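Colleague: Next up is a structure, given as structure tokens.
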Amino acid sequence: MELYSVRVRFSVWVSVKQLFYNIQLFFQRPSIAFEPGMKVEVVDKRNPLLVRVATITERDGFLVKIHFDGWMEAFDYWLEEDSPDIHPPGWCAKTNHPLMPPISESRALIVILRDRFVLLAEIALQTLLFLSNYT
């Protein structure tokens, strides 16, 4: 009896999955004409209050690789091309949102070191608090 119910659930799941793919065929989204080398304004996912100047470096289907100008490649990441975090050049000026200019790589290194120092300081503080509770 249980084996029969498992088969029924599996066949329902398969037909729902097929239905989903069939519906998806009718609603294919149009591709946005992003090309490598295009400049865009992108919301920084490390600090969502900031919009930074970026360049599209690669494209793979509906994904685009974002490189923040002046930052190291370690901070590049992939976004869906229709993401609400990607804006055309001039979007910040039209919406009166501050646009963060590109920074030099040495400044980016300072930011990284500062963030890591803060993280190490927090870990050290938590360790001291933990040890003080047991002494």
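Colleague: Starting with the fewest neighbours, write out Asp60, Asp69 ranked by other beta-carbon atoms found within 10 Å of each beta-carbon.
Modeller: Fewest to most other Cβ atoms nearby, the residues stand as Asp60, Asp69.
Colleague: In sequence order, what are the phi-derived ³J(HN,Hα) couplings for the stretch 57-73 according to the Karplus relation 6.51 cos²θ - 1.76 cosθ + 1.60 with θ = phi - 60°, rounded to whole Hz, with x for glycine and proline?
Modeller: Values, residue by residue: 9, 9, 9, 9, x, 9, 9, 10, 8, 9, 10, 6, 4, x, 8, 6, 5 Hz.
Colleague: Going highest first, how would you order 47-56, 115-124 by mean Cβ packing within 10 Å?
Modeller: Top to bottom by mean Cβ count within 10 Å: 47-56, 115-124.
Colleague: Next up: Please order Ser31, Ser132 by the number of other Cβ within 10 Å, starting at the fewest.
Modeller: Least to most surrounded, the residues fall as Ser132, Ser31.
Colleague: Across all directions of projection, what mean area in square nanometres is found for the Cα convex hull of the stretch 39-102?
Modeller: Averaged projected hull area, Cα only: 4.0 nm².
Throughout, read-outs are computed from the coordinates displayed, never taken from laboratory work. None of the values given here were measured: they were computed from a predicted structure. Counting neighbours? That spans all protein chains shown, and the Cβs are built from the backbone with ideal geometry, glycine included.
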